[in-house]
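J.: Let me begin by handing over the structure; questions about it come next.
The values are calculated or read from the model by the stated rules, or taken from the named source; none is laboratory data. Just so you know, these numbers come straight off a predicted model, no measurement behind them. Positions of Cβ are generated from backbone atoms using ideal geometry, with glycine treated the same way; all protein chains shown enter the neighbour counts. All accessible areas refer to the heavy atoms of the entire protein, side chains included, with ligands and DNA or RNA removed. Shrake-Rupley method; radii C 1.70, N 1.55, O 1.52, S 1.80 Å.
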Number of protein chains: 4
Amino acid sequence: MKSTKAVGASCWAIAGGRIPVDSAGPEPQRTSHDRLCFLNAGDAEAQVEITIFYADREPVGPYRLRVAARRVRQVRLNDLIDPGPIPLGTDYGCVVNSDVPVLVEFARLDTTQPAGAQLGFPAHTG
Amino acid sequence: MKSTKAVGASCWAIAGGRIPVDSAGPEPQRTSHDRLCFLNAGDAEAQVEITIFYADREPVGPYRLRVAARRVRQVRLNDLIDPGPIPLGTDYGCVVNSDVPVLVEFARLDTTQPAGAQLGFPAHTG
Amino acid sequence: MKSTKAVGASCWAIAGGRIPVDSAGPEPQRTSHDRLCFLNAGDAEAQVEITIFYADREPVGPYRLRVAARRVRQVRLNDLIDPGPIPLGTDYGCVVNSDVPVLVEFARLDTTQPAGAQLGFPAHTG
Amino acid sequence: MKSTKAVGASCWAIAGGRIPVDSAGPEPQRTSHDRLCFLNAGDAEAQVEITIFYADREPVGPYRLRVAARRVRQVRLNDLIDPGPIPLGTDYGCVVNSDVPVLVEFARLDTTQPAGAQLGFPAHTG
């Protein structure tokens, strides 16, 4: 099967990031994290650039990654390292730019308490 | 009573699917699942096609279903079987196409922990 | 202070309603419920009509209510009675029409488990 | 690095505010609260005005705050004091106006129960 029609947009943003500091339960499944979920439904690989904004210093980026054609990719913000990790427990936002349309959702797993809490919603289209 | 005005759109997408592997509590109410919630507020039956996108293989679909005129329908992604089930614990996204406007929401019940967690939000209009 | 500029839209919809059957904790604060949250930021009272859609029968409505100018109003779907209550544990959707622009959010408190779970998001603008 | 392109809009609104009365766990991290999350991705400081709407009295505001250029800012509604605090356990909505485009998300931490519950979603663009 070939699905070739792109969906989404080329610019997305999130305002309320904050990677929880504490975790309970087995790693890595229950490790607290923020993540971005990408869907590239089109036939061209997406070149994605993420810029991270903070409360008290200049933005950092771009973080570069690729999302293959006709694929999803979930990326934990905790795992971004180049040009620098995002500190835990710190307010941040992000702007995501892609050279082809993609869909971007934001999600959080917070296991500060063992029961855990989840967030998820589509990012704002730029 | 007759309500005949369609709402929504003909293309919707979700990026961050992942059916939780574990469940706690009575089946099927507390079985962990992802689901799509359809509202067809119009007067024509909707022919819906769902395509599932993965991280590491070609998309699978279409999964076909119908939503009757002036009806809702909630479908657990766990229950889609033709042309193939969605594996648990696996990142996926989906694109939903309908021949008439419908509203599509995404929801998750995650009872990996007994307290359970819920997600829900409108899909992105493609 | 007078705030007179309306925000929102005149048609909103929700696809994934389902009032949880069970509750734990003190009533009415911890009673499981679905609710609609209205903001009428404008200077004219809003006449609102809600139609409820089901999986297996014709839609029911309109349920009529008013949201005063420059006011919010939160309405538990559990409490709608005329022209008929919404059964618990039953899939439903709704379409909300207003004669002036309002903002509509959907929210759920599910205390099936004592820890409770919450949902909340803006409805889809029809 | 300089990121200079603004994202978002100049008017946002929330309908379903209600700051939880009770909290469990260490302050201030686990104190129940509603908050607004701002991202100002542009090169000009944002002058923001928030108006709070209630169920049974006239709106209160504006609450004024600034979001620096290329910065995020998270503001707990609990902490707004001028021209008056928002009472706990009280339904409210808000309209946010900014002189330059910003992104606004709404979030809630509810630790009425120790496990805690979280909400988060982009506000509605007015």
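J.: Of all residues in segment B:1-22, how many are part of a loop (DSSP other than H, G, I, E, B) and within 13 Å of chain C (Cβ to nearest Cβ)? Explain how you work it out, then say what you get.
T.: Going residue by residue through segment B:1-22, those that are part of a loop (DSSP other than H, G, I, E, B) are B:1-8, B:18-22.
Filter again for within 13 Å of chain C (Cβ to nearest Cβ), leaving B:1-8.
Total satisfying the criteria: 8.
J.: Let me ask something else about it. Restricting attention to segment C:112-126, report how many residues are open to solvent by 20 Å² or more (accessible area, probe 1.4 Å) and either within 27 Å of D:Ile52 (Cα to Cα) or in contact with a strand residue (DSSP E or B) (Cβ under 6 Å, 6 or more places away or on another chain) (or both). Give the derivation first.
T.: If we filter segment C:112-126 for residues that are open to solvent by 20 Å² or more (accessible area, probe 1.4 Å), which is where we start, we get C:112-115, C:118, C:122, C:124-126.
Subsequent filtering for residues that are either within 27 Å of D:Ile52 (Cα to Cα) or in contact with a strand residue (DSSP E or B) (Cβ under 6 Å, 6 or more places away or on another chain) (or both) retains C:118, C:122, C:124-126.
Matching residues across segment C:112-126 total 5.
J.: So, in segment C:59-106, exactly how many residues are within 14 Å of chain B (Cβ to nearest Cβ) and either open to solvent by 30 Å² or more (accessible area, probe 1.4 Å) or touching a His at 6+ places or on another chain (Cβ under 6 Å) (or both)?
T.: 10
J.: If the requirement is being open to solvent by 20 Å² or more (accessible area, probe 1.4 Å), in contact with a strand residue (DSSP E or B) (Cβ under 7 Å, 6 or more places away or on another chain) and more than 9 Å from every other protein chain (Cβ to nearest Cβ), which of these qualifies: C:Glu49, C:Glu27?
T.: C:Glu49
J.: Then there is this: Taking segment D:26-42 only, how many residues are assigned to a strand (DSSP E or B) and either modelled with pLDDT under 95 or under 11 Å from the mean Cα position of the chain (by Cα) (or both)?
T.: 6
J.: While we're looking at this one, here's another question. So which residues in segment D:75-97 are over 13 Å from the mean Cα position of the chain (by Cα) and polar (S, T, N, Q)?
T.: Of everything in segment D:75-97, just one residue is over 13 Å from the mean Cα position of the chain (by Cα) and polar (S, T, N, Q), namely D:Thr90.
J.: Looking at D:Ile50, is it within 13 Å of the chain's Cα centre (by Cα) and part of a loop (DSSP other than H, G, I, E, B)?
T.: Values: within 13 Å of the chain's Cα centre (by Cα): yes; part of a loop (DSSP other than H, G, I, E, B): no.
It is false that D:Ile50 is within 13 Å of the chain's Cα centre (by Cα) and part of a loop (DSSP other than H, G, I, E, B).
J.: Would you mind finding the one in A:Leu39, A:Leu109 that is open to solvent by less than 40 Å² (accessible area, probe 1.4 Å) and at the interface with another protein chain (Cβ under 8 Å from one of its Cβ atoms)?
T.: Criteria check complete, one pass: A:Leu39.
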